[in-house]
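Just below is one structure, and these are the notes that go with it.
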Amino acid sequence: MISRSVVLLLAQCAFLLCPLRAQMTIRLVGTGGPELTPERAGIATLIQTPAVSLLFDAGRGVLDGLYKSRVRPQDVTRVFLTHLHNDHIEGLPTLWITPWFLLGRQTKLEIWGPPGTSAMIEGMRRMYAHDLKNRPNPVLKREYLDITVHEIALRSSPAIAYDVSGVKVTAFPVEHADGDPALGYRVDGSGRSVVLTGDTTYRDNIAALAKGVDVIISNVVAGTSEIEKSGAIDAIMAKLMRPEQAAALFHAAEPRMAVFSHVVKKHLPGSQGDQVILNRVRSAGYNGPLVMGLDRMTILVGASIEVLEPSDLATLPDFDWPDATF
Ligand SMILES: [Zn+2]
């Protein structure tokens, strides 16, 4: 007789959660910028190898996004921040506390980020001082709310930020104006590689670091031609990646797959707006594999690269939540 856990595993494989086909799985948990849209939650990207799950940025809605992606939030305990703009960290408090008391997480968080991350985390501890003081009990231990912070101070060269169990994360400096110091990350593991640009305009060092990787995940910004010509969004355009700059990056780096996430659009709503961005990349001369990221899209990276569209939530089996301990 097949055990219940095997049945569950098979069911999960059928619902996209099985990494057996991939050496690396990329989950676009949230693909938006700071603006409110009905289409996209805040930026958050989960990269999974058989050894580890690493989250990059924790934007608005990250906990809901993990849940909707049917990833156990209590298993997401290693977080890499690209910079400290609020749209990259505003989901962090909920990811920190809720899986602890609701789902019984028994592991402290470990967070990597630019200089300033320790002070931000200290502020978060102060904001949630009531919970820290009053909520722990013999089951929900205070130590599981501890956070280890690793600040990554870079000058111009990249540096290895994490190297455990065959998975290596390299941080590199990027250029994001009032978001600096800002980082991009390259992840190598299981023979596969991904570069996340983070929020940045085009820089040659990104193309060099991303040369020949399996996947580049790039931010992108665009407005209608009228609004771009008006100069009204010049400051925003200057600190992010225009479609034409993304085309140059992809052309130089030649990834097996290029993906947009942290999609910032002005007056370009919905999938038609997304298509305008893709068209501009093509017009700028990049003809390689290119995907517009959507919330809950999954990318399986192995001998081939499979992009799985977000599934209909109504068809996904819900979690079997543990008994409440709070
Ligand atoms: Zn930013």
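The values are calculated or read from the model by the stated rules, or taken from the named source; none is laboratory data. Source: prediction; values computed, not measured. FYI the Cβ positions are ideal-geometry reconstructions off the backbone, even for glycines, and counts take in every protein chain you see. Ligands, DNA and RNA are excluded from the accessible area calculation, which covers all protein heavy atoms including side chains. Shrake-Rupley method; radii C 1.70, N 1.55, O 1.52, S 1.80 Å.
Results for (1) farther than 22 Å from residue 239 by Cα; (2) surrounded by 21 or more Cβ atoms within 10 Å (Cβ to Cβ), shown as yes or no for each residue.
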site: 258; (1), (2): no, yes
site: 271; (1), (2): yes, no
site: 278; (1), (2): no, no
site: 297; (1), (2): yes, yes
site: 302; (1), (2): yes, no
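Give segment 83-112 a look and list any residue that's touching a residue at least 40 places away in the same chain (Cβ under 8 Å), under 22 Å from residue 180 (Cβ atoms) and away from the ligand (no atom under 16 Å from the Cβ), or say none.
Listed by number, the list holds a single entry, 112.
Among the residues of segment 249-299, write down those that are in contact (Cβ under 8 Å) with a residue 24 or more places away in the chain and acidic (Asp, Glu).
254, 295
Pick out the one residue from 180, 146 that is modelled with pLDDT of 95 or more, farther than 30 Å from residue 238 by Cα and not small (Gly, Ala, Ser).
Just a single option satisfies the conditions, and that option is 146.
Taking the criterion of being closer than 23 Å to residue 33 by Cβ, away from the ligand (no atom under 16 Å from the Cβ) and touching a helix residue (DSSP H, G or I) at 6+ places or on another chain (Cβ under 8 Å), would at least one residue in segment 191-207 satisfy it?
yes
Considering only segment 245-283, state which residues are more than 19 Å from the chain's Cα centre (by Cα) and on the phi > 0 side of the Ramachandran plot.
Residues satisfying the conditions are 254, 267, 270.
Just for strands (runs of 3 or more DSSP E) wholly inside segment 128-186: which have at least 3 residues that are within 18 Å of residue 216 (Cα to Cα), open to solvent by less than 30 Å² (accessible area, probe 1.4 Å) and β-branched (Val, Ile, Thr)?
Ranges flagged: 167-174.
Is it fair to say residue 118 is of a type in the set (Gly, Ala, Ser) and farther than 26 Å from residue 30 by Cα?
For residue 118, the condition - of a type in the set (Gly, Ala, Ser) and farther than 26 Å from residue 30 by Cα - is not met.
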